[in-house]
Amino acid sequence: MQVKLATVSGFCGDDGKFGVSGAIRLAQEAALSNPGKVYLIGELVHNEHVTNWLKKSYQIKVVSSLKKVPAKATLVIKAHGAPPALYQEAVKKNLNIIDATCPMVKAAQTILKQLIDHGKKVIYVASSKDHDEAVSVTSQVEHGVKIVTLSGIDDLIIKKPADTVVLTQTTLSMLETKEKFEHLQKKYPLLTIRPHLCQATTQRQQAVLSLAQEVDLLIVVGAPHSSNSQRLLEVARSSQKPSYAVNEASEIDHSWFDPSILSVGVIAGASTPAWITQAVVKHLETL
Ligand code: F3S
């Protein structure tokens, strides 16, 4: 089997400067300076392999709520950000806060606050209403924002389009947002639409489309609850090439590879570690 890896794949963040790799670097540094006293509420990034590795190799404790973090411990805020109430509670508990929120998410939080301060209503388009990023961004304001999913856009009734702005989660599908937003803009010409997809997301989606032209089948490596990985799968499928997502090499199903499949393209989501992707590539090369 000929295996081709996408030109852009895996962790976003320019080797530790921001995004997933930046969040991991901050968590590693926190763990090295405060061994055994570093906590995360939920996953730092949406990938269980990363979570398990941080727990095992760095003794970072992953808990379900702030109540489970002892006073004066170090709390790393996940890459998707957190609501203001969590920061306030963490300060009250004298926690050492390490903020690993991706700058692109921080930017969305700031834009939303500014829009509401200027009297606008905001429609925030998310992959799901309870996605961590959607919660962290929309909780920055107490009123004036409505969360919708892309599939809910067609049913929207906007009463004051001239005073309304549409903002998005960073990891949506560029193809689907384009299509939905063109339709929405036609319906409401006075509406302001500000897509906020990050460059890491669009680059990986463009990379999977160009990879699709060179191979017979596509594999996206990423977690089922990772929005960017699942959108990558949707974009891959739009190419009409058979496309599948796996969380790790053991999930590869040999029945996907009939004799007409001579080459396979592999791309990893922005929260997938390289060692998982390499294991997938190695496994495919043996087929
Ligand atoms: Fe940030 Fe985009 Fe990565 S929002 S965490 S650069 S996928």
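For segment 19-101, take the convex hull of the Cα atoms, compute a quarter of its surface area, and give me that in nm², please.
Numbers: hull surface 18.4 nm².
Its Cα hull, projected and averaged over all orientations, spans 4.6 nm².
Rounded to whole Å and ordered largest first, report the semi-axes of the equivalent ellipsoid of segment 104-197 derived from its Cα gyration tensor (root of 5λ). All intermediate terms of the calculation are to be shown ahead of the outcome.
Values: eigenvalues 67, 53, 24 Å².
Rounded to whole Å, the semi-axes are 18, 16, 11.
Could you work out the relative contact order of segment 1-69? I mean the mean sequence separation of Cα pairs under 8 Å and 6+ apart, divided by the number of residues, in percent.
Details: 69 pairs, mean separation 16.4, N = 69.
For segment 1-69, the relative contact order is 24 percent.
Based on Cβ point charges of +1 for Lys and Arg and -1 for Asp and Glu, what charge dipole magnitude is obtained for the chain about its Cα centre, in debye rounded to the nearest 20? Numbers along the way, then the final one.
Values: 31 positive and 26 negative charges, 227 e Å.
It comes to approximately 1080 debye.
Just the Kirkwood number for segment 1-145, please: inverse of mean 1/r across all distinct Cα pairs, in Å, one decimal. Walk me through the numbers before you get to the answer.
Details: mean 1/r = 0.0612 Å⁻¹.
In segment 1-145 this quantity evaluates to 16.3 Å.
For L287 and L190, what does the FRET efficiency come to when R0 = 51 Å and r is the distance between their Cβ atoms, rounded to the nearest 0.05?
Numbers: r = 54 Å, r/R0 = 1.07.
Approximately 0.40, to the nearest 0.05.
State the dimensionless ratio Rg/Rh of the chain (Rg: radius of gyration of Cα atoms; Rh: Kirkwood radius). Intermediate values should be presented prior to the final figure.
Working: Rg = 20.2 Å, Rh = 20.1 Å.
Here the Rg-to-Rh quotient is 1.00.
Using just the alpha carbons, could you tell me how many Å³ per residue the convex hull of segment 163-287 encloses?
On the way: hull volume 13.2 nm³, N = 125.
Value for segment 163-287: 106 Å³ per residue.
If you place +1 on the Cβ of every Lys and Arg and -1 on the Cβ of every Asp and Glu, how big does the dipole about the Cα centre of segment 104-197 come out, in debye to the nearest 20? Present the calculation step by step, with values, prior to reporting the outcome.
On the way: 13 positive and 11 negative charges, 70 e Å.
Using Cβ point charges on Lys, Arg, Asp and Glu, segment 104-197 gives about 340 debye.
Per DSSP H run of n ≥ 4, the term is -39500 (n - 2.57); total these for the chain, divide by its residue number, and report the mean residue ellipticity at 222 nm rounded to 500 deg cm²/dmol.
The per-residue figure over the chain is -12000 deg cm²/dmol.
Measure up K17/K37; K17/K121; K37/K93; K61/K93; K106/K187; K178/K282 against 26 Å on the Cα-Cα distance and list the ones that go over.
Where the Cα-Cα span goes over 26 Å, the pairs concerned are K17/K121; K106/K187; K178/K282.
For the chain, modelled as a GNM with alpha-carbon contacts under 10 angstrom, which of A274, A79, A223 fluctuates the most?
It is A274.
Rounded to the nearest 0.05, what FRET efficiency is calculated for H225 and A162 with R0 set to 45 Å and r the Cβ-Cβ distance? If you can, show how the numbers build up before the last one.
Values: r = 37 Å, r/R0 = 0.83.
Here the calculated transfer efficiency is 0.75.
Treating only the Cβ atoms of Lys and Arg (+1) and Asp and Glu (-1) as charged, compute the dipole magnitude of segment 188-287 about its Cα centre; round to the nearest 20 debye. Please list the in-between numbers first.
Numbers: 6 positive and 8 negative charges, 95 e Å.
In debye, rounded to 20, segment 188-287 gives about 460.
Would you work out which of Y124, Q240, C12 lies farthest towards the positive end of the dipole of the chain, given +1 charges on the beta-carbon of Lys and Arg and -1 on that of Asp and Glu, about the Cα centre?
Checked the options; the winner is Y124.
Among S21, Q59, P83, whose Cα projects farthest towards the positive end of the dipole of segment 19-101, with charges put on the beta-carbon of Lys, Arg (+1) and Asp, Glu (-1)?
Q59
How far apart, in nm, are two points set 7 Å out from the Cα along the Cα-to-Cβ line at L175 and at Q240?
1.1
Which of the peptides 96-102, 43-49 is most tightly packed, and how do the rest follow, judged by the mean count of other Cβ atoms within 10 Å per residue?
Details: 96-102: 18.7, 43-49: 22.6.
Top of the packing list down: 43-49, 96-102.
As I understand it, the dipole of segment 104-197 uses +1 on the Cβ of Lys and Arg and -1 on the Cβ of Asp and Glu, about the Cα centre. Which of A162, I147, A108 lies farthest toward its positive end?
Towards the positive end, the residue furthest out is A162.
Hey, with R₀ at 51 Å, roughly what FRET efficiency would K56 and A85 work out to, going by the Cβ-Cβ distance, to 0.05?
Values: r = 31 Å, r/R0 = 0.61.
According to the calculation, E is roughly 0.95.
Return the distance in nm (one decimal) between the two label points of a simple spin-label model at A274 and K146, each offset 7 Å from Cα along Cα→Cβ.
It is 4.6 nm.
Within segment 56-94, find all residues whose amide N lies under 14 Å from a label point positioned 7 Å from the Cα of D130 along Cα-to-beta-carbon.
None, by backbone N distance to the label point.
To the nearest whole percent, what portion of all C-alpha pairs in segment 1-61 is separated by more than 13 angstrom? Could you put the intermediate results ahead of the total?
On the way: 1185 of 1830 pairs.
Pairs farther apart than 13 Å: 65 percent.
We did not get these values from a lab; they are worked out from the coordinates using the rules stated. All values reported here derive from a predicted model rather than from experimental measurement. Here the Cβ is made from the backbone with ideal geometry for all residues, glycine too, and neighbour counts use every protein chain on show.
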